[in-house]
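Here's the structure we're looking at; comments come further down.
The values are calculated or read from the model by the stated rules, or taken from the named source; none is laboratory data. The shown structure was predicted, so the numbers you read here are calculated from the model rather than taken from an experiment. All Cβ positions, even for glycine, are placed from backbone atoms using ideal geometry, and neighbour counts span all protein chains on display.
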Amino acid sequence: MPVSTEPLHRALGLTDEELAAIVALLGRDPSDLELAMYGVMWSEHCSYKSSKLDLRRFPTEAPWVLVGPGEGAGVLDVGDGLAVAVRIESHNHPSAIEPAQGAATGVGGIIRDVFSMGARPIALMDPLRFGTLDDARTRYLFEHVVGGISAYGNSVGVPTVGGEAVFDDCYRENPLVNVLCLGVVARDRLVRAVAGAPGNVAVLLGASTGRDGIGGASVLASAGFGADSEGKRPSVQVGDPFEEKRLIEACLELFEHGLVVGVQDLGAGGLSCAASETAASSDAGMDVDVARVPRREAQMTPVEVMTSESQERMLAIIEPRHVDAVLALCDRWDIRAAVVGHVTDTRRFRVFDGLFDPARGTEPDPAALADVPIASLGEGPVYARPRERPWSQEALVAADPWPELARQFPDGTDLSPELLALLATPSIADKSWVWRQYDHQLFLNTVVGPGGDATVLRLQGTTRGLALATDGKARFCRLDPRTGARLAVLEAARNVACAGATPRALVNCLNFGNPEHPAVMWQFHETVEGMSEACEALGIPVIGGNVSFYNESRGADIDPTPVAGIIGLIEHLDTVPPPAALGPGQQVLVLGESRPELGGSEWAAVVHGLTGGAPPDADLVTAARLHEFVRSLVAERAVLGVHDCADGGLAVTLAEMAIAGECGFSLTPAPGLAAAAGCFAESASRVVLSTTPDAAAAVLRRAEAAGVPALDLGPTGGDRLVVTGAFDVGIAEVTRIWRDAIPDALGQREGGIRPSGRV
Amino acid sequence: MSARVAVVVFPGTNCELDVAGAVEQLGGTADLVFHTETSLHGAGAVVIPGGFAHGDYLRTGALARFSPVMAAVEQHAAAGGAVVGICNGFQILTEAALLPGALQKNAGLKFLCRTVECRVETARSVLSGRAEVGRVLRLPINHFEGAYTCDPATLDRLQAEDRVVLRYLDNPNGSLDDIAGISNTAGNVVGLMPHPERASHALLGSADGVVLLESLLAAAGAGSVAA
């Protein structure tokens, strides 16, 4: 950090009022170390001070929820004695500054959160947002974020089974790098972040502590970017997946042998956060001796040791009688382990430098460098920040793109060029350039990998499976955050329904701009409302989440970007679910109602630059009915193909199914709707099915009985994609445009060694 | 008695549970053998599974060859026992000079995880004894350094001695002569980049790896008598 005359508390990210509160609760001026610890613990990133009030709104309970929000990961019961731990996090700011390490350490951190619950991490998903690929720095960020995830995730041995990559100019200087991790644990082997009884010792496991990542939570993640962002590069941590892999194996063995009371990851806030939170959750105290912390560099100060965010470290709380066994087990895996503290009954968090002696028991030591009420670190300020719907919102929503598009594309216009343009937009185009760099098969669970609607994993040892999907469309949220947030939940839920799964839990990553802007707090509040409403209507508890504020560059906030991750349960997974693909000799049906809803659509906004309007209607009752109907059809294997209808509308959905199945179609458009709207509107709660010709009538009858609108569009076959009166394109051309868009934008088409088939 | 397979675990190995699971699904017994051990405990076959042994630091496989267990693996191979290296295991076997050549970075300079088609080129190896020559198998690959290379004399020998076990139909990584897997002269040591264990169940999209693993179990059963 540059030398300045700024008071220390401000340099640490604390306001004058927050400093006054610290002085009041301590009854004296804080020491530099104490100030640094409060600076980290009361940062937006660690304390959720701007979001806490709103987050209480989420529904969090269901009979199958074993652990809700607030711990390392949320945990749900999936039957047969198994539980699944899930968490989602953002690593946006580090990735904007140093994309490869920023993304890699995001992966490392979330994995530690999951195995800290005793679960073996078995899957990662990466929802990503970038600027547009015509910008050189965006291409650099995109390539290196993907490269960082690939390098770390593959090496650490946790498969990356899905995710998203969306491109929009609002993320140009502030990409979003969200990462979800899922682990599996026997229900009776769950581990919690607790300290247990006084006398227990705290053992620091893993990497040595260095100067990297100091101020990551307070300096990076809790402020926007300005001209000096490059100077924040030292606040980005550096990852070592090999260390993490050994740490995973060592910790899982410690759990298996019952050697630990509790464990917590050292993430944001480093040792200060992990040690204080663990003890505070057991209503105990903690004494830490910084002199016992293994260090990477000489002459580190206690402040540096206590706030370092060096990666690949865990804090385990163990009973004193197990110390030797723990050290021996760690030695087998070449994992550093050092006793750095002990649990006390003081309810205070105290830090010493070289004075700590376990034999002293809980005697107070006059030379403590820090001595604060332990609960006060986790009880930061809570702000009800001003929120206000911006005056410009009205005009934005009123600017419906459809009248203009209807004028430009009256019925009878050949829409083939429009379809091709949509398939070439990077948000819609083939993403295999991304996910082929990820090991997405390790552990032999991946039944449906990346690139489809939902990822499907088998749960070995049972007949069940999991379906996972992450979704979030910021363009809808920009127009109407409440409806946009509902739509994000609905799309993720629809995706898991397409895999035959019932949604059981949701985790969210809420990426927003500066919370000190009233418009951003309005977006945030509306988003939480919308997401809560959708979860309540669909019976999905929120079991965890993450808030990332200050996503902005030089004063411009990103579009509100809530990402919903839904975990669905498949009761019987004995065969692979129907693909999002068409085959010859099938009949194509569409479920749900199509309307001229073009606001925020890919076609209006990206292809034609018309960014206003209202998002599609997000009726929750209609959605719930559709999801259950689709789930039952898929579960019974009553359909041959199924695909969620979303970005780019029905035409893109059909084209994706044709490409995947290498099979054309010849369809009739829906009656009573302009052809362009029928093709490209993004009305919610629609799903495309394909069936045998004989089965189509039965599916239509069942749809009617279930109260789900359904329409027979016509037969598949041939090598052209034809919708009468709308478009007529050859499958080879469609496939080439869709497949090559991203590699071409990066100048990386594989040419001779590119395979022609699908994976 | 079912065939026993030792599955070697280095720090950083990550496919050991997958290989062990696939072996047991086919009726074999799998023992995980940590890299510090000096004995294979009488197993009839050894698999060095995929992953990032010792982080792949320095160079893939370069550190793993010095682990204590490798002496036991070399002894097993010298006695004619079956040894198979999958992916990172193949890299380790070349570093340990149990197989010739080396694996270099993919031609596209990107990690590649995808399913490819491979043709069985010979049945005279412990991994392909039960496979039909010419049969095309759909097998996943998952590597950054998978482009096989060797000097021209070695390539001539591999071809002349019928030691190319698998070839890619559509070369994904720039391997010399489309090589996906090779054996030693005797056919008891095999290295391959594709992962047969990832193609061991219909739910995973392919069960084409089963014939390779069954070949190995047959060899392990025969080998355990001698051991």
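Observations
- Selection status of residue A:422, outside any loop (DSSP other than H, G, I, E, B), closer than 30 Å to residue A:521 by Cα and more than 14 Å from chain B (Cβ to nearest Cβ): no
- Flag if residue A:553 is closer than 30 Å to residue A:708 by Cβ, among the hydroxyl-bearing types (Ser, Thr, Tyr) and in contact (Cβ under 8 Å) with a residue 60 or more places away in the chain: no
- Residue in the stretch A:462-482 that is within 13 Å of chain B (Cβ to nearest Cβ) and in contact with a helix residue (DSSP H, G or I) (Cβ under 8 Å, 6 or more places away or on another chain) present: no
- Residue-level check: of (1) within 14 Å of chain B (Cβ to nearest Cβ); (2) more than 26 Å from residue A:560 (Cα to Cα), residue A:498 misses just (1).
- Residues that are farther than 23 Å from residue A:653 by Cβ, facing chain B (nearest Cβ under 9 Å) and in contact with a strand residue (DSSP E or B) (Cβ under 6 Å, 6 or more places away or on another chain) within the stretch A:441-460 comprise A:441, A:443, A:445, A:446, A:458, listed in sequence order.
- Qualifying residue in the stretch A:7-21 (condition: assigned to a loop (DSSP other than H, G, I, E, B), of a type in the set (Ser, Thr, Tyr), buried (at least 16 other Cβ atoms within 10 Å of the Cβ) and more than 26 Å from the chain's Cα centre (by Cα)): no
- Number of the condition not met by residue A:273 [criteria: (1) part of a helix (DSSP H, G or I); (2) in contact with a Phe, Trp or Tyr (Cβ under 7 Å, 6 or more places away or on another chain); (3) not aliphatic (A, V, I, L, M)]: (2)
- When A:619, A:644, A:559 are checked against the criterion of being surrounded by 22 or more Cβ atoms within 10 Å (Cβ to Cβ), away from chain B (no Cβ under 14 Å) and in contact with a Ser or Thr (Cβ under 8 Å, 6 or more places away or on another chain), a single residue qualifies: A:644.
- Conditions (1) within 11 Å of another protein chain (Cβ to nearest Cβ); (2) surrounded by fewer than 24 Cβ atoms within 10 Å (Cβ to Cβ); (3) acidic (Asp, Glu); number of the one not met by residue A:430: (1)
- Tally of residues being more than 16 Å from residue A:104 (Cβ to Cβ), more than 14 Å from chain B (Cβ to nearest Cβ) and either of a type in the set (Lys, Arg) or not in a helix (DSSP H, G or I) (or both) across the stretch A:235-267: 9
- Answer residue from the stretch B:19-44, given it is buried (at least 24 other Cβ atoms within 10 Å of the Cβ) and in a helix (DSSP H, G or I) and is farthest from the other protein chains (Cβ to nearest Cβ) among those: B:23
- Top-ranked residue in the stretch A:128-160 [being touching a Leu at 6+ places or on another chain (Cβ under 7 Å) and closer than 20 Å to residue B:15 by Cβ; ranked as nearest to the other protein chains (Cβ to nearest Cβ)]: A:157
- Annotation: residue A:610 fulfils all but one of (1) hydrophobic (A, V, I, L, M, F, W, C); (2) crowded, with 24+ Cβ neighbours inside 10 Å; (3) more than 27 Å from the chain's Cα centre (by Cα); the unmet one is (2).
- In this structure, residue B:220 does not satisfy being farther than 30 Å from residue A:147 by Cα, of a type in the set (A, V, I, L, M, F, W, C) and more than 15 Å from the chain's Cα centre (by Cα).
- Matching residues, the stretch B:168-203, being part of a loop (DSSP other than H, G, I, E, B) and away from chain A (no Cβ under 14 Å): B:184, B:185, B:186, B:187, B:188
- Residues in the stretch B:204-224 that are in a helix (DSSP H, G or I) and within 14 Å of another protein chain (Cβ to nearest Cβ): 3 in all.
- When residue B:62 is tested against (1) in contact with a helix residue (DSSP H, G or I) (Cβ under 7 Å, 6 or more places away or on another chain); (2) surrounded by 17 or more Cβ atoms within 10 Å (Cβ to Cβ), just one condition goes unmet, and that condition is (2).
- Failed criterion for residue B:57 (all others in (1) within 14 Å of chain A (Cβ to nearest Cβ); (2) buried (at least 21 other Cβ atoms within 10 Å of the Cβ); (3) farther than 20 Å from residue B:99 by Cα; (4) at pLDDT below 95 hold): (2)
- All told, residue A:316 falls short of being within 14 Å of chain B (Cβ to nearest Cβ) and within 27 Å of residue B:54 (Cβ to Cβ).
- Of all residues in the stretch B:145-167 being closer than 30 Å to residue A:157 by Cβ and crowded, with 24+ Cβ neighbours inside 10 Å, the one that is farthest from the other protein chains (Cβ to nearest Cβ): B:165
- Candidate set from the stretch B:175-197 (those that are of a type in the set (Val, Ile, Thr) and crowded, with 24+ Cβ neighbours inside 10 Å); member that is nearest to the chain's Cα centre (by Cα): B:190
- Odd one out for residue A:635, checked against (1) more than 14 Å from chain B (Cβ to nearest Cβ); (2) in contact with a Leu (Cβ under 7 Å, 6 or more places away or on another chain); (3) closer than 18 Å to residue A:499 by Cβ; (4) surrounded by fewer than 21 Cβ atoms within 10 Å (Cβ to Cβ): (2)
- The single condition from (1) within 21 Å of residue A:725 (Cα to Cα); (2) out of contact with any His (no Cβ under 7 Å at 6 or more places or on another chain); (3) not charged (D, E, K, R) that residue A:653 fails is (2).
- Subset of the stretch A:54-82 [buried (at least 24 other Cβ atoms within 10 Å of the Cβ) and in contact with a helix residue (DSSP H, G or I) (Cβ under 9 Å, 6 or more places away or on another chain)]: A:72, A:73, A:75
- Every residue from the stretch A:511-545 that is assigned to a helix (DSSP H, G or I) and touching a Phe, Trp or Tyr at 6+ places or on another chain (Cβ under 6 Å): A:520, A:524, A:532
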